[in-house]
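J.: After the structure tokens below, expect a handful of questions from me.
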Amino acid sequence: MRAIRRKIFFILMFLMPFILGAQDFGLVISQYSGIDNKRNDDTNFEYDADLLPSFEFLLGDSGELFLSAGITLGWKNNDDGFFWMPELLNAEFSWRQGNAEIRAGRMGYADPLGFIAAGLFDGARFSYSSTAGIISIGAWYTGLLYKKSAYITMTDAEQDAYTAEVDLADPQTYFASRRLLASLDWEHPSAAQLLHLKAALTAQFDLTDDDDTYNSQYITLKASIPFNRLTFELGGSLETAELDIAGVKDTNIALAGDAGIYWMLPANFDSLLSLTARYLSGNTLGIGGAFIPLTNGFYGDILKAKLSSLSVLSLNYTMRFTPAFTLGLNASHFIRNDMVTYKAYPVNTENNAGSSLGTEFFAQLVWSPFSDLQINLGGGAFLPALGNAASSDEKPWWSVELSVVFALF
């Protein structure tokens, strides 16, 4: 009976906007299939299908209500087998009056560096635009988000809860860890007609009942400088944290940096070459600790490493031959900045002397024969032999992916 009520609820969630009469409707249907050898020595296959409807309601001349939800159906040739997962994506109300704007509900937010706190959050945000820039202040809650989309794994207990299987009959296995996020942001798109500046004071507070707690604050600044065909980007963040691990309280100071050079090449087609570097400090005895973001997403198309105590160097070349065809080539090298924080593949547990994890190569071809249809074909390999953290017999990981996205607006 409980399962039937859940299905009726999600059906009504999708149909309610039609009943209310939305002014605008959108629908995204996507299918993903991938084959790889990442989970074990055998070949693994995965298939996902997503149905993502969205609805927009205009509230007079100043207001807007945007709703979107989704349901994922999938299958993996391992113990997971068939699965399905519903998710509320957006439920955002906005109101504009002059230079001021208020947003409330489930909305997107990202810090200036894009990896401290990025994604959907439940809360409210006020913004004001002037000649001195755009200033905004907001506060959000994370405990009602789907945990696989929120990526909140700041403590070991949260990591265990994240990887635990989802049982829709038990809401505690579905929702993300309970934390409060607050941020004061400032952005100036053209300071002195030269710099695009972003700055933020961000804090997150642990509201969980876990024995281990982690509260942290971040001060972040990022600048972009365009120069002819070149764009230079440089950013950094200072984190201070208060943690209580097994009853032992401590404080932590950590650093993160982000830099990039982007060159629009002179060619008969759109062509962009970029070199980027990202650094998050690790645990260093007597000096500082590991930089831990609130939303710790995965980096690398194949390795998918958590970005904490890591450095990632990437070289990317994107070519858009025609409006319908785009080719992207990427090479990324991963380095761990301490010997304890990063514990996943390809670290050799018998010999932790090496810090270089290896290099990943990935290529992606995007074909858009129509404006509402996109086909993506990608593939590549991660080579631990190009580092020194793995044992000598570690095999490369490889992956081939195909996705088809249909969008109707």
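Quick note: the coordinates plus some simple rules give every number you see, no bench work behind them. Quantities reported herein were computed from a predicted structural model and do not represent experimental measurements. We place every Cβ from the backbone using ideal geometry, glycine too, and count neighbours over all the protein chains shown.
J.: What do you get for Rg/Rh of the stretch 162-261 when both radii come from the Cα atoms and Rh is the Kirkwood radius?
T.: 1.14
J.: Follow-up. For the stretch 383-409 and the stretch 200-230, compute the distance between their C-alpha centroids and round to whole Å.
T.: 28
J.: A further question on this structure: Taking θ as phi - 60°, what are the ³J(HN,Hα) couplings along the stretch 240-250 by the Karplus curve (6.51, -1.76, 1.60), each to the nearest whole Hz, with x for Gly and Pro?
T.: 10, 9, 10, 10, 10, 10, 6, x, 9, 8, 8
J.: Which order do the peptides 96-104, 300-308, 234-242 take when ranked by the mean count of other beta-carbon atoms within 10 Å per residue, highest first? Numbers along the way, then the final one.
T.: Values: 96-104: 13.3, 300-308: 20.8, 234-242: 18.1.
The most tightly packed comes first, giving 300-308, 234-242, 96-104.
J.: Regarding the chain, what whole-number volume in Å³ per residue does the convex hull of its Cα atoms give?
T.: Working: hull volume 69.4 nm³, N = 409.
Dividing the Cα hull volume of the chain by its residue count gives 170 Å³.
J.: Can I ask one more? Once all Cα-Cα distances of the stretch 317-380 are split into 10 Å bins that start at 0, what whole-number percent is in each one?
T.: Pairs per bin, as whole percents: 18, 32, 20, 18, 10, 1.
J.: Taking the Cβ of A200 as the centre, find all other residues whose Cβ is under 15 Å away and add up their charges (Lys, Arg: +1; Asp, Glu: -1).
T.: Numbers: positive: R125, K198, K222; negative: D111, D185, E187, E239, D258.
Cβ neighbours under 15 Å give a net charge of -2.
J.: Now a separate question. So which chymotrypsin sites (Phe, Trp or Tyr not before Pro) in the stretch 249-358 end up in coil per DSSP with only 15 or fewer other C-beta atoms within 10 Å? Walk me through the numbers before you get to the answer.
T.: Numbers: sites: Y262, W263, F269, Y279, F291, F298, Y299, Y317, F321, F325, F334, Y342; in loops: F269, F291, Y342.
Taking the stretch 249-358 and a limit of 15 other Cβ atoms within 10 Å, the loop chymotrypsin sites (Phe, Trp or Tyr not before Pro) found are F269.
J.: To continue, here is another question. From largest to smallest, what semi-axes in whole angstrom does the stretch 252-358 give when each is the square root of 5 times an eigenvalue of its alpha carbon gyration tensor? It would help to have the intermediate numbers written out before the result.
T.: On the way: eigenvalues 211, 47, 25 Å².
Semi-axes (√(5λ), whole Å): 33, 15, 11.
J.: I need the calculated FRET efficiency for the pair L234 and R320, taking r as the beta carbon distance and R₀ as 30 Å, to the nearest 0.05. Write out the running numbers ahead of the final one.
T.: Numbers: r = 27 Å, r/R0 = 0.88.
Using R0 = 30 Å, I get an efficiency of 0.70.
J.: Calculate the radius of gyration of the Cα atoms of the stretch 253-300 to one decimal place, then report Dmax, the largest Cα-Cα distance, as a whole number, both in Å.
T.: 16.4, 54
J.: Give the span of the stretch 101-199's Cα atoms along each principal axis, as three whole-Å numbers ordered largest to smallest.
T.: Sorted from largest, the Cα extents of the stretch 101-199 read 54, 24, 15 Å.
J.: With r defined as the distance between the Cβ atoms of A277 and T173 and R0 fixed at 35 Å, what FRET efficiency is calculated, to the nearest 0.05?
T.: Details: r = 38 Å, r/R0 = 1.07.
The calculated FRET efficiency here is 0.40.
J.: Can you tell me, using C-alpha contacts under 8 Å and at least 6 residues apart, the relative contact order of the chain as a whole percent? Don't skip to the answer; put the middle values down first.
T.: Details: 1041 pairs, mean separation 44.4, N = 409.
Once divided by the residue count of the chain, the mean separation gives 11 percent.
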